[in-house]
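The values are calculated or read from the model by the stated rules, or taken from the named source; none is laboratory data. What you are looking at is a predicted structure, and each value in this text was computed from that prediction instead of being measured. As a convention, Cβ positions derive from the backbone with ideal geometry for all residues, glycine included, and neighbour counts pool all protein chains shown.
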Amino acid sequence: MLVDVALPLPLFRSFTYSVPDEQRHRARVGMRAVVPFRSTTALGVIVGEGAPREGIKYKAVRELPDTEPVVSANILALCRWLAEYYLVPLGVALRTALPAALTGAAEPTPSQKTRRVANVARSLDSLMQRDEIFARVPRQRALFELIESLGGRAAVEHLTERMKFSPTVLDGLVKKGLVTIEDEVVSRDPFARRATGKPQRHTPSSAQQHAIDALRAGNAGDVFLLHGVTGSGKTLVYIELLRTIVEQRGQTAIVLVPEIALTPQTVDRFRAVFGDKIAVLHSALSDGERYDAWLALRRGEKRIAVGARSAIFAPLSNLGAIIVDEEHEGSYKQGESPRYHAREIAIVRAKAENAIVVLGSATPSLESWVNATTGKFHLLTLPERVGGGRLPKIEVVDLREQQKLPQGGGAIDPFRWVISEPLERALSDRLRKGEQSILLLNRRGYASFVQCGSCGDVATCPNCSISLTYHRTPERLVCHYCQYSEPPRDTCKRCGGTFMRQRGLGTQQVERVLAERFASARIARMDVDTTTGKWAHAEILDRVGRGEVDVLLGTQMIAKGLDFPNVTLVGVVDADVGINLPDFRASERSFQLLSQVAGRAGRGPKGGEVIIQTRVPSHHAVRCAVAHDYASFVREELDGRVKPPYPPNLRLANVVFSGTNEDATAQLGLRAATWLNKLVKRSGVDIGVIGPAPCPVERIKARWRWHLLIKTEHPGELTRLGRYFLEKFAVPKEAGLRITLDRDPVALL
Ligand code: ADP
Ligand code: ZN
């Protein structure tokens, strides 16, 4: 007996092995197999029966570790589609669909069940006191203030490993009696222990009811786009649909959210209603726990899988619905091979398994919008906020006006560079009334670059063509692409100048100027630097929910899914971050971010307002977000993607060439373009090959990068061409040269 085995290798083929007689009754499609490969062994999945070929002696399968298939026929078919569409080997697709514990990719589970935590033991109120106590130990002061800014509590590991404080600095604080250290038991599954409270029982509004009815009446394979403004009650619609699917029809369902850690409130609502029918697949699970959840879903003990991107492969049978919340989110696209988009996989899976799909968003992706308006998807709309709530009024502050030099000379108050007069007034008003505010600045660190005042030179990363970001705690220049860091510079490397200017605001700087101006305000900062711990997001958000935070400041992390009725003000410190990136989706992403963060304001009876600071008030991303005008945004944005054409007006693949040598990389790109152009010409199909050109970020992690774009209106042709290219085009074995092909890219950087 022969079997075909797919291996997770960069080869577009399966491998045939023989099964020893005593094993043959055990071997089935979908089981894993350990097979000899070259001089070692490899772990793959049996994908079919092998066809014997004359004169070939096949090697024997070494081991069959499973007693029943781990890949169902449905998931195998889904992976075949994924492999074909995204141009990856089947074995690579299968590895993605299985939990790490089954692919041999699992890391050993850490046995540590406690962690050491530093707590502020004594607060220091006056500045004088601080100056005195820390006179000769600035590092101790920096550490103390860091722990304060993390809510007075921080994991020791975070402080020493990530923030690079030496343990002696921490000891110093302990000896002074300012900080205590304790051991804290780490719960195995923090989500399972979260209290959920009682399920909310609202009577659906008529718009909600209409959507619920339409979904209940949906036919197998139907895709619905639920376009509901922020606060329109999309979650209730999902929950009512799930009740029907899971409780009345006895089927199962998948709920995708962009990131569990950022949406604990949404997930809690599902848990409150469905309790232990739900498996929450979050990133804090160990590989073992993830495997347990996977098993429970496969056995039907759990009937709803809630998770990020990879939950789309949940081993559920009798699937009734797949919900994709915030369907426009870029995180649904995997950034490494296989570069699949979970929304696309959801649609294909639902069709194959006779389920329906619900794509929900206040700001749908242009792709989904076009599909909904051309009748491919069914459009459902929730045009208003529930419970008589109104969308918040949005005011624009033109920073060019605010930051004009005062007449008759004098300097501008440095605070004004960060917070305009209207925003300051609004903030102090909220502080006085005990209401909460959210401030968005989508850039972490203290200053986004450091520039020499004499020659204009900017400090850049030695490995990446990117400027280094200045961080204050710990004080380093850091590369946000490769994590390279170095001590801050006092003098310019190029001209020796001694006036180094910090340019470009980051969240650390905003936090500092706020703390100086509003001394008694309780400020929490949420960005990559304050959320190393897997559970850090939820801790901060829970504090906001309990009213222990006056101002929540953060990057895009704070823009999604939060529902806090006492937040009556949202301020955008600089709406222009990212708006001019050399990427065809830059405007779309900016519009979505502004609309989403604005949607956090005024969710309670007190109402709310939004203030957006910008230097480009007439940019359509800003203008349409301010007017809550999704339709106009889409119209203008689609027009902008006609000449030159970009998705959704056609299909796109981004082919990236990279290597350690600049010239070899460029040559590879040029050769590939010539090769592709010849092929296209010969075959006569309507495909454009644009480029090659250096990528917008020309170098990352010491590798040079070039790219070319393949554009076409015929997806099938793109599949054929891409596949032929990846299989036949020879990449020289030099300079670490590599080619990656990203189909339907979400970014071209
Ligand atoms: P969205 O996801 O559309 O932004 P949510 O689903 O978070 O909105 O709902 C916003 C708030 O409105 C939630 O606090 C929710 O409990 C509440 N809500 C939902 N439906 C109703 C309703 N029919 N009547 C009153 N409140 C509702
Ligand atoms: Zn770098």
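Here is a check on your reading of the model: is Ala314 without any contact (Cβ under 8 Å) to a residue 60 or more places away in the chain and touching a strand residue (DSSP E or B) at 6+ places or on another chain (Cβ under 7 Å)? When the stated conditions are applied, Ala314 does not pass them.
Starting from residues that are out of contact with any Leu (no Cβ under 7 Å at 6 or more places or on another chain) and part of a loop (DSSP other than H, G, I, E, B), keep the ones in region 590-608 and report whichever is nearest to ligand 2 (Cβ to nearest atom). Filtering region 590-608 for residues that are out of contact with any Leu (no Cβ under 7 Å at 6 or more places or on another chain) and part of a loop (DSSP other than H, G, I, E, B), the one nearest to ligand 2 (Cβ to nearest atom) comes out as Gly599. Inspect all residues belonging to region 556-563 and state whether any of them is basic (Lys, Arg), in contact with a helix residue (DSSP H, G or I) (Cβ under 7 Å, 6 or more places away or on another chain) and in contact (Cβ under 8 Å) with a residue 24 or more places away in the chain. There is at least one residue in region 556-563 that is basic (Lys, Arg), in contact with a helix residue (DSSP H, G or I) (Cβ under 7 Å, 6 or more places away or on another chain) and in contact (Cβ under 8 Å) with a residue 24 or more places away in the chain.
Per the conditions (1) among the hydroxyl-bearing types (Ser, Thr, Tyr); (2) within 30 Å of Ser520 (Cβ to Cβ); (3) surrounded by 14 or more Cβ atoms within 10 Å (Cβ to Cβ), the sole criterion not satisfied by Thr103 is (2). Looking only at residues in region 467-496 that are hydrophobic (A, V, I, L, M, F, W, C) and within 14 Å of ligand 2 (Cβ to nearest atom), the one that is surrounded by the most Cβ atoms within 10 Å (Cβ to Cβ) is Leu468.
Pairing residues of region 597-612 that are surrounded by fewer than 24 Cβ atoms within 10 Å (Cβ to Cβ) with residues that are modelled with pLDDT under 95 and among the acidic types (Asp, Glu), at Cβ distances under 9 Å and at least 6 apart in sequence or on separate chains, gives Arg603/Asp563. Taking the criterion of being surrounded by 15 or more Cβ atoms within 10 Å (Cβ to Cβ) and within 22 Å of Tyr481 (Cα to Cα), the residues of region 661-696 that qualify are Asn661, Glu662, Thr665, Ala666, Pro694, Cys695. Could we say that Leu43 is part of a loop (DSSP other than H, G, I, E, B) and either touching a Pro at 6+ places or on another chain (Cβ under 9 Å) or at pLDDT 95 or above (or both) here? Considered against the rule, which asks whether it is part of a loop (DSSP other than H, G, I, E, B) and either touching a Pro at 6+ places or on another chain (Cβ under 9 Å) or at pLDDT 95 or above (or both), Leu43 comes out as no.
Checking each residue of region 732-749 against the condition of being more than 16 Å from ligand 2 (Cβ to nearest atom), charged (D, E, K, R), modelled with pLDDT under 95 and in contact with a Phe, Trp or Tyr (Cβ under 7 Å, 6 or more places away or on another chain) gives no match. Determine whether region 291-306 contains at least one residue that is assigned to a loop (DSSP other than H, G, I, E, B), within 20 Å of the chain's Cα centre (by Cα) and buried (at least 21 other Cβ atoms within 10 Å of the Cβ). Within region 291-306 (the criterion being assigned to a loop (DSSP other than H, G, I, E, B), within 20 Å of the chain's Cα centre (by Cα) and buried (at least 21 other Cβ atoms within 10 Å of the Cβ)), the answer is no, since none of the residues qualifies. Are any of the residues in region 574-583 under 22 Å from Gly504 (Cα atoms), without any contact (Cβ under 8 Å) to a residue 60 or more places away in the chain, in contact with a Ser or Thr (Cβ under 9 Å, 6 or more places away or on another chain) and buried (at least 23 other Cβ atoms within 10 Å of the Cβ)? Checked against the condition, which is being under 22 Å from Gly504 (Cα atoms), without any contact (Cβ under 8 Å) to a residue 60 or more places away in the chain, in contact with a Ser or Thr (Cβ under 9 Å, 6 or more places away or on another chain) and buried (at least 23 other Cβ atoms within 10 Å of the Cβ), region 574-583 yields at least one hit.
Per the conditions (1) modelled with pLDDT under 90; (2) assigned to a loop (DSSP other than H, G, I, E, B); (3) more than 11 Å from ligand 2 (Cβ to nearest atom); (4) of a type in the set (S, T, N, Q), the sole criterion not satisfied by Asn442 is (1). Being in contact (Cβ under 8 Å) with a residue 12 or more places away in the chain, under 24 Å from Ile558 (Cα atoms), out of contact with any His (no Cβ under 6 Å at 6 or more places or on another chain) and crowded, with 20+ Cβ neighbours inside 10 Å is true of Leu256. Would you pick out the residues in region 69-97 that are more than 15 Å from Val348 (Cβ to Cβ) and among the charged types (D, E, K, R)? Within region 69-97, Arg95 is the sole residue that qualifies. Among the residues of region 601-641, those identified as hydrophobic (A, V, I, L, M, F, W, C) and under 25 Å from the mean Cα position of the chain (by Cα) are Ala601, Val610, Ile612, Ala621, Val622, Cys624, Ala625, Val626, Phe633, Val634, Leu638. None of Leu552, Leu562, Leu569 is touching a strand residue (DSSP E or B) at 6+ places or on another chain (Cβ under 8 Å) and in a loop (DSSP other than H, G, I, E, B) except Leu562.
One residue stands out in region 173-201 among those that are exposed (fewer than 13 other Cβ atoms within 10 Å of the Cβ) and in a loop (DSSP other than H, G, I, E, B): the one that is modelled with the highest pLDDT, namely Gly177. Do we have any residue at all in region 728-746 that's touching a residue at least 12 places away in the same chain (Cβ under 8 Å), among the hydroxyl-bearing types (Ser, Thr, Tyr), touching a strand residue (DSSP E or B) at 6+ places or on another chain (Cβ under 6 Å) and surrounded by 14 or more Cβ atoms within 10 Å (Cβ to Cβ)? Checking region 728-746: at least one residue is touching a residue at least 12 places away in the same chain (Cβ under 8 Å), among the hydroxyl-bearing types (Ser, Thr, Tyr), touching a strand residue (DSSP E or B) at 6+ places or on another chain (Cβ under 6 Å) and surrounded by 14 or more Cβ atoms within 10 Å (Cβ to Cβ). Of the residues making up region 502-514, just one is part of a helix (DSSP H, G or I) and either free of Cβ contacts under 8 Å to residues at least 12 places away in the same chain or among the basic types (Lys, Arg) (or both), namely Arg512.
Screening region 325-404 for helices (runs of 4 or more DSSP H) wholly inside it with 3 or more residues that are hydrophobic (A, V, I, L, M, F, W, C) returns the ranges 342-353, 366-373.
Would you confirm whether or not region 408-416 contains a residue that is of a type in the set (Lys, Arg) and touching a strand residue (DSSP E or B) at 6+ places or on another chain (Cβ under 7 Å)? There is no residue in region 408-416 that is of a type in the set (Lys, Arg) and touching a strand residue (DSSP E or B) at 6+ places or on another chain (Cβ under 7 Å). Looking at region 223-250 only, could you name the residues that are within 24 Å of Lys376 (Cα to Cα) and among the β-branched types (Val, Ile, Thr)? Passing the criteria: Val223, Val229, Thr235, Val237, Ile245. Return yes when Leu562 is of a type outside the set (Asp, Glu), within 17 Å of the chain's Cα centre (by Cα) and either at pLDDT 95 or above or more than 26 Å from Ile466 (Cα to Cα) (or both) and no when it is not. Yes. Val685 - would you say it is touching a helix residue (DSSP H, G or I) at 6+ places or on another chain (Cβ under 7 Å), of a type in the set (A, V, I, L, M, F, W, C) and touching a residue at least 24 places away in the same chain (Cβ under 8 Å)? Taking the combined requirement at face value, the residue satisfies it.
For (1) closer than 26 Å to Glu161 by Cβ; (2) crowded, with 23+ Cβ neighbours inside 10 Å, each residue gets a yes or a no:
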residue: Asp542; (1), (2): yes, no
residue: Leu552; (1), (2): yes, yes
residue: Asp563; (1), (2): no, no
residue: Asn566; (1), (2): no, no
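When the residues of region 375-393 are filtered to those that are of a type outside the set (A, V, I, L, M, F, W, C) and away from ligand 1 (no atom under 16 Å from the Cβ), the one that is nearest to Ala207 (Cα to Cα) is His378.
Of Gly233, Gly221, all but one fail to be surrounded by fewer than 20 Cβ atoms within 10 Å (Cβ to Cβ) and at positive phi; the exception is Gly221.
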